[in-house]
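One structure is given below, encoded as structure tokens.
The values are calculated or read from the model by the stated rules, or taken from the named source; none is laboratory data. Every value quoted in this text rests on a predicted model; they were computed, and no experiment measured them. When we count neighbours, we look across all protein chains shown, and the Cβ atoms used for this are built from the backbone with ideal geometry, even at glycine.
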Amino acid sequence: MNISRLIAQRYLFAKKHVSLLSVLTYISVSGITLGAALLISVLSIFNGFFTVIQGFLLGYDPALRVESIGGPVLEWNDKLERQFQEDPRIVEYTPFVEGMVLLRTRTTNGVQPYESKVIQIKGIPTDLNSVLASDDQQAFLQKLPLKSGVKELGVLDGRPGILIPEYLRAELQLEVGDEVVLLSARNMQKALTQISIPRTMMFTVRGVYELPYVSSPPPILLDISAAHRLFVTRNRISGVDVLLEDIQEADAVKTSFSSTKEDLFSSAIVLKTWYDLQKPLYDVMYLEKWGAFVVLMIIILVAALNILGSLSMIVLQKKRDIGVLRSLGLTAKQVQAIFIQQGLIIGIIGAFFGALLGLSFCFLQDTFGLLKLSSAFIIDAYPVDIQWLDILFIMVGTLGLSVLASWMPARNAANVHPARVIRYE
């Protein structure tokens, strides 16, 4: 029998009239319960938002991007393609050509006859069978949300097609069927060095798509063969977008490519996982989550200070009892353990009911959507995603603060001199 635990439970649960000590104990338990419930609820909501945004962005961002440094200079050959085909973790790979071009178009406002803008373009394969390793996977072009027009990038009536983002359509007042002229920096350089007319390419706007973006806006999309002609790159590409069976393997695939990049790739490359591609956004979301955790832990800290106060008063009130226990043979460590276990019991009760309350709220929110978003975007209610590692971290932190708050009163109780207390009290 653990005598220290038995006495600690009697101090807390014995029938007694309502006093200041019992009120402080109830406040401590209530504070810890409220703090733990809020922490579980708020962190689960932050996890829910992260999961929603991650799923939304991964609909268009690759799990891994292999990108050449210095523009479209990476040689796309059979050896490199076999590496992507033979890796069982890769279900889709899309080589692309990317770069900045000068776009020139005729405006409709009648003020300026022409308008020019530097814009990023991205050439992707339209022959989907050549880049798919699994027939049931959708390629990027198939998943692209189109607002108007068609996803046809081939040559029609002597003009290749392009897809433009919605923000650019609104800015330049373009419509499906309009023609635009693209001029690459490579052709501009050749015109200046060879003293000739710059070689431009005429494209027809075939469709308008809309994608949300965090930092850089979405590019103009065209067929990769047209991009090769525009940048004069032949079989050189800017990089490869890779879709994995499990995005959690992105770091492992990145490591395996990093170890063999000198043998596989003809130029310097940089490897970016899905997290690296949207790193500012994901970092901010993690910062907000753990910032909220620190702020809400203040509630538990206040409750822990109540534990310190109530146990300190118990030590003062029970000095004579402590002296008697010491005279009966209890050691100083056993007396100290009595009050530490009181704090631990308060922490366990508060953490249990807090977890029960927080998990119940998360279940109801996930099932019925109790808290609605003021302006619905993608979802109409606050999402929740319970991560058990967060729950464990909250429980350990709660119990740790409870034990820490009880350490000082417990030390004071252990330092009580039994003979002196019994003599004068």
Subject >> Boolean, Phe363 is in the same structural domain as Gly400 (by TED's automatic domain parsing) and at pLDDT 90 or above >> reply: yes
**OP:** May I ask you to list the residues in the range 169-204 that are modelled with pLDDT of 75 or more and touching a Pro at 6+ places or on another chain (Cβ under 8 Å)?
**Re:** Leu183, Met201, Phe203, Thr204
**OP:** Tell me, yes or no, whether the range 292-314 has at least one residue that is closer than 30 Å to Glu245 by Cα, within 24 Å of the chain's Cα centre (by Cα) and exposed (fewer than 15 other Cβ atoms within 10 Å of the Cβ).
**Re:** no
Original post:
In the list Ser148, Ser130, which residue meets the criterion of being small (Gly, Ala, Ser) and at pLDDT 65 or above?
Top reply: Ser148
Original post:
Across the range 265-297, what is the number of residues that are in contact (Cβ under 8 Å) with a residue 24 or more places away in the chain and either in contact with a His (Cβ under 8 Å, 6 or more places away or on another chain) or closer than 30 Å to Ile345 by Cα (or both)?
Top reply: 5
Subject >> the range 322-347 - residue that is surrounded by fewer than 18 Cβ atoms within 10 Å (Cβ to Cβ) and modelled with pLDDT under 85 and, of those, farthest from Leu6 (Cα to Cα) >> reply: Ser327
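Here's the yes/no breakdown for (1) closer than 30 Å to Thr331 by Cα; (2) among the aromatic types (Phe, Trp, Tyr); (3) modelled with pLDDT of 95 or more:
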site: Met1; (1), (2), (3): yes, no, no
site: Arg5; (1), (2), (3): yes, no, no
site: Ala8; (1), (2), (3): yes, no, no
site: Phe13; (1), (2), (3): yes, yes, no
site: Leu21; (1), (2), (3): yes, no, no
site: Thr25; (1), (2), (3): yes, no, no
site: Ser44; (1), (2), (3): no, no, yes
site: Ile53; (1), (2), (3): no, no, no
site: Leu74; (1), (2), (3): no, no, no
Original post:
What tally of residues in the range 57-102 results from selecting those that are part of a helix (DSSP H, G or I) and within 24 Å of the chain's Cα centre (by Cα)?
Top reply: 2
Subject >> Restricting the range 379-414 to residues that are in a helix (DSSP H, G or I) and of a type in the set (Gly, Ala, Ser), the residue that is nearest to Gly369 (Cα to Cα) >> reply: Gly397
**OP:** Filter the range 366-378 for residues that are assigned to a helix (DSSP H, G or I) and not acidic (Asp, Glu) and give the result.
**Re:** Thr367, Phe368
